[in-house]
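Each remark here refers to the structure printed beneath this line.
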Amino acid sequence: MVDWWLTDSEGIVAFWLLIFALCNGLRGVYCRFRDRDARRKVEALISGGIHPVRASYLLGGMADAAETAVCMLVDEGVVRVSSNGELRPTRRGRTPKDPALRAMAEGIGEAPAKSPTKLYEIQDEARFGRFRKLVERAAPQVRTTTSGKSQTLMLATTMVTSIGMGIHAARTEAPAPFIAGADRSVWLYVCMVAWVVQWGPACLWPSENRRRWRALDRYCKNKADNARAAVPRSTRQAIARSKERPAPPPAPPQPRPRTHSRTSDGGVPGIVDVDSCSTSSSCGGCGGCGGD
């Protein structure tokens with residue numbers, strides 16, 4: 001039986017495909033044990049509950065957290081929204097109990113009367129620094145995206161096993177597999193097919209920056225959607241319109257460069273357009289070339 005795995009043509013193919021399968025299995029077991037503490041933490045977060053603002057932060061960063069917080073302040077009557085997404089304090093309504101919401105309400109109240117707050121300002125304006133700090137500090141410390149190392153490792157394994165299969169067949173001088181009497185160069189195509197076959201399962205491993213916890217993502221999305229649903233749809237659309245910072249206006253066109261022509265006595269009789277000189281002949285335009 002051992003000779004079949006090491007010297008027979010079909011056995012060599014099966015041997016290296018089995019090695020690839022074992023590598024995938026071992027990597028899966030390692031990841032399972034490595035993430036067991038993080039998995040318990042995620043389960044505890046889902047069962048214990050997360051504040052909607054912090055759930056939005058886990059799901060989409062500070063931009064989503066700010067949008068959810070604004071919706072909650074509008075629902076509590078602390079902030080009002082215009083049709084184009086401008087945020088203004090109402091000077092009424094109850095003070096939010098959550099420190100992050102209270103810090104946002106204070107930041108909106110500090111805006112000048114003629115310069116209302118836009119949603120995109122909450123992400124970088126200094127007056128909202130306390131809100132951002134409170135959200136980041138209170139958010140659960142959970143790595144929500146993958147590094148992609150497992151996929152990279154398995155893709156590299158496909159190359160190693162395919163090359164190893166070819167070297168193994170060359171050293172044992174095994175005949176071509178699956179086709180009796182075929183030339184041994186068929187091994188090249190066999191190795192290429194084996195590589196393609198392994199490439200598919202290797203690509204199933206999580207790629208870089210892929211979301212890790214689907215259950216947590218679903219839970220956070222439900223929390224954020226429920227908090228935003230407390231305000232009318234038209235209000236939510238107005239808030240979302242001010243989420244992106246507007247592009248700066250284009251720079252004004254620059255005037256054409258001009259230069260002064262001087263006479264032999266150093267005077268400046270007039271202004272000559274450089275562009276008109278460039279279209280003239282090399283000797284006839286702008287006073288000529290001066291001879292040879």
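Laboratory data are not the source of any read-out in this text; all were calculated from the coordinates shown. No experiment lies behind these values; they were computed from the predicted model shown. Cβ placement follows ideal geometry from the backbone for every residue including glycine, while neighbour counts extend to all protein chains displayed.
Some observations on this one:
- Scanning the range 103-132 for residues that are more than 27 Å from the chain's Cα centre (by Cα) and crowded, with 19+ Cβ neighbours inside 10 Å yields Ala103, Ala105, Gly107, Ile108, Pro116.
- One residue stands out among those in the range 138-176 that are assigned to a loop (DSSP other than H, G, I, E, B) and free of Cβ contacts under 8 Å to residues at least 40 places away in the same chain: the one that is surrounded by the fewest Cβ atoms within 10 Å (Cβ to Cβ), which is Gln141.
- Of all residues in the range 181-207, those that are part of a loop (DSSP other than H, G, I, E, B) and in contact with a Gly (Cβ under 9 Å, 6 or more places away or on another chain) total 3.
- Scanning the range 107-137 for residues that are assigned to a helix (DSSP H, G or I), β-branched (Val, Ile, Thr) and in contact with a helix residue (DSSP H, G or I) (Cβ under 7 Å, 6 or more places away or on another chain) gives Ile122, Val135.
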